[in-house]
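Derivation of every value follows stated rules applied to the coordinates shown; laboratory data play no part. All of these numbers come straight from a predicted model, not from anything done at the bench. Cβ atoms come from the backbone with ideal geometry, glycine included; neighbour counts cover every protein chain shown.
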Amino acid sequence: MQKNAEMTNKNEEKAKADEDLTKSSETLDNVLGELDTLSQQNADLHGSCDFVMKNFDIRQTARDEEIEALKQAKAILSGAQLEE
């Protein structure tokens with residue numbers, strides 16, 4: 001009788017341990033999936049930032065030229081003569 005009770009307790013403990021293992025495995029899979037997603041987002045952000053940093057000087061020069069052209073157009077519309 002006592003052996004049966006011990007065996008029942010052991011089986012219940014094993015079932016609980018198996019359940020905990022299954023939950024832990026699912027949690028691990030979820031965390032690993034989330035890490036993969038975050039890693040991909042990080043790589044995408046680095047790509048975007050690298051592009052902006054690489055082309056900053058080019059964009060800055062183009063912006064300065066655009067501002068100068070707008071100033072000249074404003075001057076022309078105001079009746080000023082351009083010096084060439």
For LYS14, the lysines lying under 27 Å Cα to Cα, once residues fewer than eight places off in the same chain are dropped, come out as LYS3, LYS23
Stretched fully, the stretch from ASP20 through LEU45 gains (0.36 nm per residue minus C-alpha distance, one decimal, in nm) 5.3 nm
Reviewing (1) 41, 18, 15; (2) 65, 21, 9; (3) 76, 11, 5, the figure for semi-axes √(5λ) of the Cα gyration tensor in Å actually calculated from this model sits under (3)
Cβ density ranking, 10 Å radius, fewest first, applied to MET1, MET7 yields MET1, MET7
Of the candidates ASN11, ASN55, LEU70, the farthest towards the positive dipole end of the chain (Lys/Arg Cβ +1, Asp/Glu Cβ -1, centred on the Cα centre) is ASN11
Rounded to the nearest 10, the angle in degrees between the Cα long axis of helix 56-77 and the longest principal axis of the Cα atoms of the chain comes to 40
Measuring from the longest principal axis of the C-alpha atoms of the chain, the long axis of helix 2-54 (C-alpha) lies at a number of degrees, nearest 10, equal to 10
